[in-house]
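Written out below as structure tokens is the structure these notes cover.
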């Protein structure tokens, strides 16, 4: 019996085309609440930039790939990046003028913009960060970076400076930098422990590379039809696309609704 469901946002609950949850899926979420199923977000986004969830009352949020977790309105877990790694990323981004978004527990900042970053922000309807630069955060705790490098640049520029952090990518043009041993799956495990919910009572939906671990972790792991083949192969079930209300279709397929 499914008692908790975790949803990625972009490309899973929210369409890249409409930038919102469809009425069909929103109705399904409210129907799940009527059945007393706990509903959570598990996203690479910070809570401060989740403005596309139609004000639905989720029970909690696994943010920034598991490094910051909110449950019932309270922070229950926070794991910032290693400070030396964070300082090295800031130096790399500022020296090379590489667009980079920095997330602390309470702030979002960026060093520079390009026409392409602005296009991508519009694509995922990401609120424009403050262009304050990253240096003011060099001595403080940083939860996550999103840096605009392709895979080749990541390998040559970024990997050599990360000693205690890893990258997780859900778009070819940028990657998230998170602490080692942090993932959406780890975040889910922390959340359900507080509710006495078992792993096999969890369902998870995702479409990106940073969703693979939680799809594998959940009792039922669902990949969206718009997910890449590398993501789909890890799922128990591949549903239809986000624009075809894939979340609602999978809930019906498994008899959750």
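The values are calculated or read from the model by the stated rules, or taken from the named source; none is laboratory data. Just so you know, these numbers come straight off a predicted model, no measurement behind them. Positions of Cβ are backbone-derived with ideal geometry, glycine not excepted, and every protein chain shown enters the neighbour counts.
Could you check region 17-42 and list, in sequence order, the residues that are modelled with pLDDT under 95 and in contact with a strand residue (DSSP E or B) (Cβ under 7 Å, 6 or more places away or on another chain)?
Of everything in region 17-42, just one residue is modelled with pLDDT under 95 and in contact with a strand residue (DSSP E or B) (Cβ under 7 Å, 6 or more places away or on another chain), namely 20.
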inquiry  = Residue under question is residue 142, and the condition is that it be assigned to a loop (DSSP other than H, G, I, E, B) and buried (at least 16 other Cβ atoms within 10 Å of the Cβ); does it hold?
reply    = yes
All conditions in (1) over 25 Å from residue 182 (Cα atoms); (2) not assigned by TED's automatic domain parsing to the domain that holds residue 194 are true of residue 57 except (2)
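It is to be established whether one or more residues within region 180-188 are more than 19 Å from residue 63 (Cα to Cα), in the same structural domain as residue 248 (by TED's automatic domain parsing) and touching a residue at least 24 places away in the same chain (Cβ under 8 Å).
Of the residues in region 180-188, the ones more than 19 Å from residue 63 (Cα to Cα) are none.
No: region 180-188 contains no residue that is more than 19 Å from residue 63 (Cα to Cα), in the same structural domain as residue 248 (by TED's automatic domain parsing) and touching a residue at least 24 places away in the same chain (Cβ under 8 Å).
So which of 126, 149 is touching a strand residue (DSSP E or B) at 6+ places or on another chain (Cβ under 8 Å) and either at pLDDT 95 or above or assigned to a loop (DSSP other than H, G, I, E, B) (or both)?
On the way: 126 fails: touching a strand residue (DSSP E or B) at 6+ places or on another chain (Cβ under 8 Å).
Unique residue meeting the criteria: 149.
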Kindly evaluate residue 90 against the criterion of being out of contact with any strand residue (DSSP E or B) (no Cβ under 7 Å at 6 or more places or on another chain) and at pLDDT 95 or above.
yes
Wholly inside region 1-95, strands (runs of 3 or more DSSP E) that include 2 or more residues that are loosely packed, with under 15 Cβ neighbours inside 10 Å are 74-78
Residue hits (region 214-242; within 19 Å of residue 27 (Cα to Cα) and more than 19 Å from the chain's Cα centre (by Cα)) are 239, 240
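Give the residue that is surrounded by the fewest Cβ atoms within 10 Å (Cβ to Cβ), with candidates limited to residues of region 96-106 that are over 20 Å from residue 172 (Cβ atoms) and touching a strand residue (DSSP E or B) at 6+ places or on another chain (Cβ under 8 Å). Show your work before the answer.
First pass over region 96-106, keeping only residues over 20 Å from residue 172 (Cβ atoms): 97, 102-106.
When the remaining residues are screened for being touching a strand residue (DSSP E or B) at 6+ places or on another chain (Cβ under 8 Å), the result is 102-103, 105.
On the way: 102: 29, 103: 29, 105: 18.
This residue is 105.
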Pairing a residue in region 129-153 that is free of Cβ contacts under 8 Å to residues at least 24 places away in the same chain with any residue that is surrounded by 16 or more Cβ atoms within 10 Å (Cβ to Cβ) and outside any loop (DSSP other than H, G, I, E, B), where Cβ atoms lie under 6 Å and the two sit 6 or more apart in sequence or on different chains, gives 130/109; 131/110; 132/109
